[in-house]
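Peer 1: Have a look at this one.
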Amino acid sequence: MRFSSKVKKCGLSPMRKFHPYAVAAKEAGKRIYHLNIGQPDIATPPQYFEAVRSFHQPVLAYAESPGMPVLIDAILRYYGKHGMQFSAGDVLITTGGSEALQIVFNCILDDGDEIIIPEPFYPNYNTMVNTCGAVIRPIHTSPEDGYFYADRARIEAAINERTRAIMCTNPGNPTGNVLSPEEMRMIADVAKEHELFLIGDEAYREFVYEEDAPLRSMGEFADAAENVIIIDTVSKRFSACGARIGCIISRNRELIGEALKYCQARLSVATLDQVASAALYDVGPEYFTAVKAEYKLRRDTVVSKLKSIPGVICESPKGAFYIMAALPVDDADKFQQWLLTDFDDNGDTVMFAPGGPFYATPGKGRNEIRIAYVLKQKDLERAMDLLALGIEAYNKR
């Protein structure tokens, strides 16, 4: 039997592809320190669970296809606090940020179309774009230049007659890069001048570690209302990945109207998760202050440990909770497998996400890895020490 060419273009998640090896390693008695998946270990705010416990409707009914008003109103208040005014008709609730992206891509991409995305990028972008029959046109970066991409000439050089959109993940996954206000403005101007959509994946918006850095969003640029599409989610911001609640936000009502077709086709997003997620937006600023301080401490730990390993190339990320680094190994994929099958230190080993699948350019990222610093301090220090010991042992084989 035959499978589609679109699914055959898709690869396995680099964060999850080593799961069978991890299972075998655990069965062999090893303890694995997981730096491979961006699953925050920060406690989900209690408001979420309190809302679940207080839900007493006699029937758990379908929610409205665009999303429940209680959640949409909470999102509008959140953006209003940050100086961005949207209306209810600008928001569609989705099953996580992933569905929001897939819907948007399906609305704007046809077979043969291109979307500009700086590489390295979140690997699922490739899967989502491939299933639309389109391709990613990458903006090339390197570990040596800190994965910088916000250069107008480089962005415009990637634009051609098949280009439909520019996409920025800000703060970045996997690099932790943060665009300056001037860089954001420049990219919005490029999108306007070339009549392209500008998709801002802003899942990590709250996590910026510069002193007194204001919260920024592509939604600030009201003059680019027809271009800008924001992808948002409660997953990372509120440590609620299992809630699977995201949204599409755009003042482009034609885009919202087209996206609504997909929302209606999948009927609705889970009712109870919407009600509970709405309560998360009542969390006060002290929550984010504490969480940012914790992630900043972890970032500094990871950077310090990495820089102590001979041959590692990395820069200190300004946001999110990831770091991309080049290691002194021949192949990060082989190294990861070896760590699970042949290495341990007193029964311990470590997992990361190999860098190759974060690139669209074949061969790039071969010796790079992404680390998600989502472990408690003591465990994170041990994980980084294991990485150093593993590199040394791997290169001595």
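Peer 1: Normalise the Debye intensity by I(0) for the stretch 267-362, one equal point scatterer per Cα, no solvent, then take log10 at q = 0.18 Å⁻¹ and round to two decimals.
Peer 2: Those come out to -0.99, one per q.
Peer 1: Accessible area of the stretch 333-397 with a 1.4 Å probe: how many percent of it is carbon plus sulfur?
Peer 2: For the stretch 333-397, the apolar C and S fraction of the accessible surface comes to 46 percent.
Peer 1: Given 10 Å bins starting at zero, what is the percent of C-alpha pairs of the chain in each, up to the one with the largest pair distance?
Peer 2: 5, 22, 32, 26, 13, 2, 0
Peer 1: Kindly flag which residue pairs out of LYS305/LYS376; LYS305/LYS378; LYS192/LYS364; LYS292/LYS376 have an alpha-carbon separation exceeding 24 Å in this structure.
Peer 2: LYS192/LYS364
Peer 1: Here is a follow-up. What per residue convex hull volume, in Å³, do the alpha-carbon atoms of the stretch 323-376 yield?
Peer 2: Value for the stretch 323-376: 88 Å³ per residue.
Peer 1: In the P(r) worked out for the stretch 63-146, what percent of Cα pairs fall beyond 21 Å?
Peer 2: It works out to 48 percent of all Cα pairs.
Peer 1: Loop only by DSSP, 14 or fewer other Cβ within 10 Å of the Cβ. Give me the trypsin sites (Lys or Arg not before Pro) in the stretch 209-297 that pass, ordered by residue number.
Peer 2: Within the stretch 209-297, the qualifying trypsin sites (Lys or Arg not before Pro) (loop, at most 14 other Cβ atoms within 10 Å) are ARG266.
Peer 1: Now, a different point. So what's the gap between the Cα centers of the stretch 140-157 and the stretch 83-137, to the nearest angstrom?
Peer 2: Here the two parts' Cα centres lie 21 Å apart.
Peer 1: If you project the alpha carbons of the stretch 35-78 onto the principal axes, what extent comes out on each, in Å, largest first?
Peer 2: Taking max minus min along each principal axis of the Cα atoms, the stretch 35-78 gives 40, 24, 20 Å.
Peer 1: Same structure, new question: Give me the extension gain from ASP111 to ASP73: residue separation times 0.36 nm, minus the current Cα-Cα distance, reported in nm with one decimal.
Peer 2: Contour length minus Cα-Cα distance gives 10.1 nm.
Peer 1: On C-alpha positions alone, give me the angle between the axis of helix 96-108 and the longest principal axis of the chain, in degrees, nearest 10.
Peer 2: Helix 96-108 sits roughly 60 degrees off the main axis of the chain.
Peer 1: To continue, here is another question. Restricting to Cα pairs below 8 Å that are 6+ residues apart, what does the relative contact order work out to for the chain? Please round to a whole percent.
Peer 2: Result for the chain is 26 percent.
Peer 1: Straight-line reach only, C-alpha to C-alpha below 15 angstrom: list the aspartates and glutamates that LYS318 could link to, leaving out same-chain residues fewer than 8 apart.
Peer 2: List returned: ASP145, GLU183, GLU202, GLU206, GLU210, GLU211, ASP212, GLU294, ASP300.
Peer 1: What does the charge add up to near ARG397, with Lys and Arg as +1, Asp and Glu as -1, over the other residues with Cβ less than 14 Å from its Cβ?
Peer 2: Net local charge, ARG397 excluded: -2.
Peer 1: Using the Kirkwood formula on the Cα atoms of the stretch 77-122, what hydrodynamic radius do you get, in angstrom to one decimal?
Peer 2: It works out to 13.3 Å.
Peer 1: Please determine, in degrees from 0 to 90 and to the nearest 10, the orientation of helix 332-341 with respect to the longest principal axis defined by the Cα atoms of the chain, where the helix direction is its Cα long axis.
Peer 2: Result, in degrees: 70.
Peer 1: Given that compact globular proteins tend to follow 2.2 N^0.38 Å, what is the ratio of the alpha-carbon Rg of the stretch 1-112 to that value?
Peer 2: Relative to the 2.2 N^0.38 Å estimate, the stretch 1-112 comes out at 1.55.
Peer 1: Then there is this: Whole-Hz Karplus ³J(HN,Hα) for the stretch 60-72, in order, using 6.51 cos²θ - 1.76 cosθ + 1.60 and θ = phi - 60°, x for Gly and Pro?
Peer 2: These are the phi-based 3J(HN,Hα) values: 7, 8, 3, 8, 5, 4, x, x, 7, x, 4, 7, 4 Hz.
Peer 1: What FRET efficiency comes out for the pair ARG397/ARG2, r = Cβ-Cβ distance, R0 = 45 Å, nearest 0.05?
Peer 2: With a Förster radius of 45 Å, E is 0.60.
The values are calculated or read from the model by the stated rules, or taken from the named source; none is laboratory data. Treat the numbers as computed from the prediction; the structure is a model and nothing was measured. For neighbour counting, all protein chains shown are included, and Cβ atoms are generated from backbone atoms with ideal geometry for every residue, glycine included. SASA here: full protein model, heavy atoms, side chains in, ligands and nucleic acids out. Shrake-Rupley method; radii C 1.70, N 1.55, O 1.52, S 1.80 Å.
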